[in-house]
Amino acid sequence: MEKLVALIPLFPLLGFLYITFFGKNQSKGTAGAIATAMVALSFVLAILVFTTQMHGAHATFVKVLDWIHVGSFHVDLSFVVDPLSSLYILFITGVGSLIHLYSIGYMHDDEGFHRFMSYLNLFVFFMLLLVLGDNLLLLFVGWEGVGVCSFMLIGFWYKDHANNDAAKKAFVMNRVGDLGLILGMSLIFVQCGSLNYNDLMIGGSAIGHLGKWATLGAVLLFIGAMGKSAQFPLHTWLPDAMAGPTPVSALIHAATMVTAGIYLVARFSDLFAISEGASQLVTWAGVITAVMGASIALTQNDIKKVLAYSTVSQLGFMFAALGMGAYTIAVFHVVTHAFFKALLFLGSGSVIHAMGGEQDIRRMGGLKSHMPTTYWTFLVGTIAIAGIFPFAGFFSKDQILAHAMENNTVVFALLMLAAAGTAFYMFRMFYLTFHGEFRGTHEQEHHLHESPKTMTIPLVVLAIASTVGGFMGFPHAIGHAMHIEHALDHFLSGSIELSHSHMSVATEIALALISMAIAGMMILFAYNMYIKKATPVLEDAEINSPLHRLLWKKYGMDELYDNLFRKPIDALSAGLHHWVEQKMLLGMVDGSGNAAKGIGRILQPLHNGQIVTYLLAIIVGLIALIFAL
Amino acid sequence: MIALSIFLIPLLTSFLLFNSKTGNAAKTALTSLILMLLVAIGGRVATAYGLTGTLSFPLISSIGFSFSLLWDGPAFLMVLLTIIAGLGIVYFSQDKEIHSSNRFYGWIMMMLSAMIVAFLAGDALLFYLCYEWALIPIFFLILKWGHGEHLSKVTMRFFLYTLFGSLFMMLSLLYVHQSMAAPSFDMNAMWAAGKALTAGEQGWVFAGLFIAFAVKMPVFPFHSWQPSTYDHAPIQGTMLLAAIMLKMATFGLVRWAIPMTAVGIAENGHWAILLSVISVVYASFMALTQKRLKMMIAYSSVAHVGMISAGILSNTDQGTVGGLFEMFSHGILAVAMFVVYAIIEKRYGHDRMQEMGGIRTAAPAFAFLTFILVMCNVALPFTSGFVGEFLLLQSLAHYSLVYTAIAGLSVILGAAYMLRGFQAMFLGGNTHAFKALSKNEKNILAIAVLLVIVLGVYPHSLLQLIQNVY
């Protein structure tokens, strides 16, 4: 069964090639159907592979092609099927096919429809390579491939340079992380002699040969993860990436690509487990990102920007979990987050669609009655991310908090704070968008409508997944009686280091109740503010309080980076060009050039055609010299 | 015989062209190149079946100078590059208006011939002579078909600079040569004699070789002849320089410098690796500040070559093989990138990137192909650029992780300047009418893109071929 795995990335690749080269003559319906069907086919295969793994987890390797064999360097195009990769391909293709379906409706009026669908297919291909590769180099292929697709899709509407700037920023910033990953790979190969997971971790333990370099190796890999998964301080590209069409934000910048960093760390859990320093770094980067993202999201008024900072913050939660050794729980949160965040993004897309492109929640309100399916599914997503039992987000987030409580009180307190913020900003957005009076133009109000079936069906499916998706990871307290506790943990233990919680059932329940109580208070708080009192949200120019302004300006990070990196580097280049290249080096050559001019004058008679003779004379002279020797 | 015919075909073609009318010069050159390709591939197949392709007959036995040609994996690879790049250059030029086209193509064919012998040479003196001989055709190509107000000054500067640099190689080779009991320029004798020298002597011999190569590649700070030369040369001349000619230098490192002076490099050659690494970063910064496409490509080429040099000098299997692979990849890429430049320049009448925009809307296929080439330039996986560059970085990591990190900055800087340029030219609103690509223009880019992707996805065969002797 596992041999079929080679077909899983192949289908989306074929879809991309077909639409790119033969799609011109197809109708939008056909092209969209082909693209969606290709991912759906992969999904069916992924289910088969996944169930096989469930019946007996074991790592299987499927080689497709010899790739790079040089001396002792030996890497193939080869796939690994194990619990971790089979789980990832399952939700990538599952959520992926829903988002493809949604795109048929969402992008229907766009002139670049074919291009869009083909890029989505290509993205899924690379994402699958990333998680299926049985070595770090193939992971890197997928890693860079999804980066390019992300670039092409953020800048999909390329006539507007604002989108292109966002795309370029995403790519270049990711490259900063990529350099870390390249160096990490280099270090691992130099020290361990292989980049294959089987040698390093699964079948062997060569990763241990890193010895005193283990921390450096782990940190370098993590730098890669920081870029791709938008962790502080490499996070500023992700909110800008919202310039892309909304399905892109859902698929790439929420559900799949940005979780590649978590995959990388989880895959190398053996390495991170032996490196206390690197793990500390991961934890704190995660905590800072979680709090920072949540705090910025409190003040944003663009519906997609709120969700983007929310994603940044949620990814921070996942890294905090990774850093504390709770690898399986981080992966659990990746999966539940994929459900509810894809749902929320697609829901926001449905709203934007209805609003004729408007993204400012200050211009919305009262959409509930106009688009009931969007409303109810969005509500499910909002509850799920806020962490209310029994929706998906509750289970995964609560276990991250439980781990924090056991490990480090400060981390716990900060994550609690971020969780509270999450409940508030989500319901703030929810109330402002769907409740109260409509605040947009008359024209917009007239235009309001529920989205077509291709868009609402994915919403409903994802809402169901966001409701029941958490059951795969029942905590001890509830699951024990039903014999399904930590089902996902046990499944993943085939690939990843397990971490055991020693928390008593009573504490676990108490924690769950407390965190829900806080979330509930925050929801009430938001209700009070935006429904009961209907406090108007400040216009941009009215934001005066320093703290509000700081958050609204995203802590000024963009300006800081501009002044810290972009401008100095440009100035350095220009300076080097002027002083070293032009003045110094060319000056030197001009000096010798004058000498050459002198020679040239002497040789004037030899010019024009006779220079061959002159050159021959040089060479003959040299040969004569050799004779003399 | 194979090796012999591969260099004789272009040489005879050039004589033929010099003595013919201008009529079908491009067709003649093209036919000759196709013949060479067939002979080369046929010859390689024959070699695989045990037929030897090497050839040697003594010329001046008193100094041990013989006309000796090798036919191993690396030599074949470089010959293949020469032929493919040559095909690209001639194919691209065939419908262009070129004055005295018979002599123009004649010089090109003569240059190819000289470079082929340099790549095949199994004799150090023969290598040196052809290394120099290749300068003459390019000198005339630039002088007679180049442009710009300082043409003669720039040409002279280029010529004397590279000629002067090569003298250091001559001195090094002579030093090794005179150290032998029975002096010979034969490759194996030279290798053995080089190895027999002390580390200190080897360090000096290497220094001479490296300076000669560093001028030609070029490596910082010996590169100042390059931007203006690329700028003034006819586009075909620029392609010849970037795609093939500089490879004589990087190939020289693999064929001559490493085998003769490995110990000297390890003990006294740090400066050369450091210079190469500096060159990578310096050239990337230079590329970042360029306003003109041709100059950006030129500096980007310097950055790539610096990487090749650093990787090879760190002297591991990955460095040598990756270096050769990257030479091949870079050769194809260089031709393709300059074709892109020529296409744009022809339509805009200039190559100032910031004054363009929206080409993608007018010519989507052109934008698509260029984008893939840009991605190869930034070493994206599944393009040939990645395979070479990754192996080189890997090799450098064996030498020093810090150097790898510094050279690796080009990963970031390369993306920054390449995408900045691409965005300025291709994206945004349409500002200028853009004539559709001709069939030739489209074909050559499509073939280059295909090669770049095939070699990136399946580099295995080529990598095995390169390792045929090592």
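For the range A:574-591, residues that are modelled with pLDDT under 70 and more than 8 Å from chain B (Cβ to nearest Cβ) total 2.
More than 14 Å from chain A (Cβ to nearest Cβ), aliphatic (A, V, I, L, M), part of a helix (DSSP H, G or I) and over 19 Å from residue B:433 (Cα atoms) - does that describe any residue in the range B:349-369? No, because not a single residue in the range B:349-369 is more than 14 Å from chain A (Cβ to nearest Cβ), aliphatic (A, V, I, L, M), part of a helix (DSSP H, G or I) and over 19 Å from residue B:433 (Cα atoms). Within the range B:396-408, being of a type outside the set (Val, Ile, Thr) and more than 7 Å from every other protein chain (Cβ to nearest Cβ) holds for B:396, B:399, B:400, B:403, B:407. Annotation for the range B:395-410: at least one member residue is surrounded by fewer than 24 Cβ atoms within 10 Å (Cβ to Cβ) and of a type in the set (Gly, Ala, Ser).
When the range B:458-470 is limited to residues that are surrounded by fewer than 17 Cβ atoms within 10 Å (Cβ to Cβ) and in contact (Cβ under 8 Å) with a residue 40 or more places away in the chain, the one that is nearest to the other protein chains (Cβ to nearest Cβ) turns out to be B:470. With respect to the conditions (1) more than 8 Å from every other protein chain (Cβ to nearest Cβ); (2) under 16 Å from the mean Cα position of the chain (by Cα); (3) surrounded by fewer than 24 Cβ atoms within 10 Å (Cβ to Cβ), residue A:177 lacks only one, and its number is (3).
Which one is surrounded by the most Cβ atoms within 10 Å (Cβ to Cβ) among residues in the range B:178-217 that are among the polar types (S, T, N, Q) and within 21 Å of residue B:56 (Cβ to Cβ)?
Filtering first and then ranking leaves B:184.
Go over the candidates B:64, B:43 one by one and state the one that is at pLDDT below 90, surrounded by 20 or more Cβ atoms within 10 Å (Cβ to Cβ) and away from every other protein chain (no Cβ under 14 Å). Within the list B:64, B:43, the selection yields B:43. With respect to being within 14 Å of chain B (Cβ to nearest Cβ), at pLDDT below 85 and outside any loop (DSSP other than H, G, I, E, B), residue A:570 falls outside the description.
To keep it simple, each residue is scored yes or no on (1) hydroxyl-bearing (Ser, Thr, Tyr); (2) without any contact (Cβ under 8 Å) to a residue 60 or more places away in the chain; (3) assigned to a strand (DSSP E or B).
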site	(1), (2), (3)
A:33	no, no, no
A:44	no, yes, no
A:47	no, yes, no
A:61	no, no, yes
A:68	no, no, yes
A:93	yes, no, no
A:98	no, no, no
A:105	no, no, no
A:108	no, no, no
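Name the single residue, out of those in the range A:70-85 being surrounded by fewer than 22 Cβ atoms within 10 Å (Cβ to Cβ) and part of a loop (DSSP other than H, G, I, E, B), that is nearest to the other protein chains (Cβ to nearest Cβ). The extreme case among them is A:71. Only residues that are over 22 Å from residue A:260 (Cβ atoms) and either modelled with pLDDT under 90 or more than 9 Å from every other protein chain (Cβ to nearest Cβ) (or both) were counted in the range A:180-191, giving 1. For the range A:116-166, the candidate set comprises residues that are among the charged types (D, E, K, R) and not in a loop (DSSP other than H, G, I, E, B); within that set, the residue that is modelled with the lowest pLDDT is A:165.
Scanning the range A:166-190 for residues that are in contact with a Gly (Cβ under 7 Å, 6 or more places away or on another chain) and of a type in the set (S, T, N, Q) gives a single hit, A:174. Residues considered: A:11, A:16, A:21. Of these, the only one that is free of Cβ contacts under 8 Å to residues at least 60 places away in the same chain, of a type in the set (Phe, Trp, Tyr), within 14 Å of chain B (Cβ to nearest Cβ) and assigned to a helix (DSSP H, G or I) is A:21.
Examine the range B:93-107 for a residue that is farther than 22 Å from residue B:40 by Cβ, within 14 Å of chain A (Cβ to nearest Cβ) and modelled with pLDDT of 90 or more, and state whether such a residue exists.
yes
Among the residues making up the range B:132-152, those that are more than 11 Å from chain A (Cβ to nearest Cβ) and under 30 Å from residue B:185 (Cα atoms) are B:134, B:138. Number of residues in the range B:410-437 that are more than 15 Å from residue A:167 (Cα to Cα) and at the interface with another protein chain (Cβ under 7 Å from one of its Cβ atoms) equals 2.
Condition check ((1) surrounded by 15 or more Cβ atoms within 10 Å (Cβ to Cβ); (2) without any contact (Cβ under 8 Å) to a residue 40 or more places away in the chain) across all residues:
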position: A:539; (1), (2): no, no
position: A:544; (1), (2): no, yes
position: A:549; (1), (2): no, yes
position: A:553; (1), (2): no, yes
position: A:557; (1), (2): yes, no
position: A:565; (1), (2): no, yes
position: A:570; (1), (2): no, yes
position: A:574; (1), (2): no, yes
position: A:582; (1), (2): no, yes
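Of the residues screened, residue B:281 is not one that is within 18 Å of residue B:168 (Cβ to Cβ) and either within 14 Å of chain A (Cβ to nearest Cβ) or assigned to a loop (DSSP other than H, G, I, E, B) (or both).
Looking only at residues in the range A:520-537 that are of a type outside the set (Ser, Thr, Tyr), assigned to a loop (DSSP other than H, G, I, E, B) and surrounded by fewer than 14 Cβ atoms within 10 Å (Cβ to Cβ), the one that is modelled with the highest pLDDT is A:533. Would you mind stating whether residue B:331 is of a type in the set (Gly, Ala, Ser) and within 14 Å of chain A (Cβ to nearest Cβ)? So residue B:331 does not fit the description; no.
Before we move on, is residue B:382 more than 7 Å from every other protein chain (Cβ to nearest Cβ) and aromatic (Phe, Trp, Tyr)?
No.
The values are calculated or read from the model by the stated rules, or taken from the named source; none is laboratory data. Since this is a predicted model, take the numbers as computed values, not measurements. Neighbour counts are summed over all protein chains in view; Cβ atoms, including those assigned to glycine, are modelled from backbone coordinates with ideal geometry.
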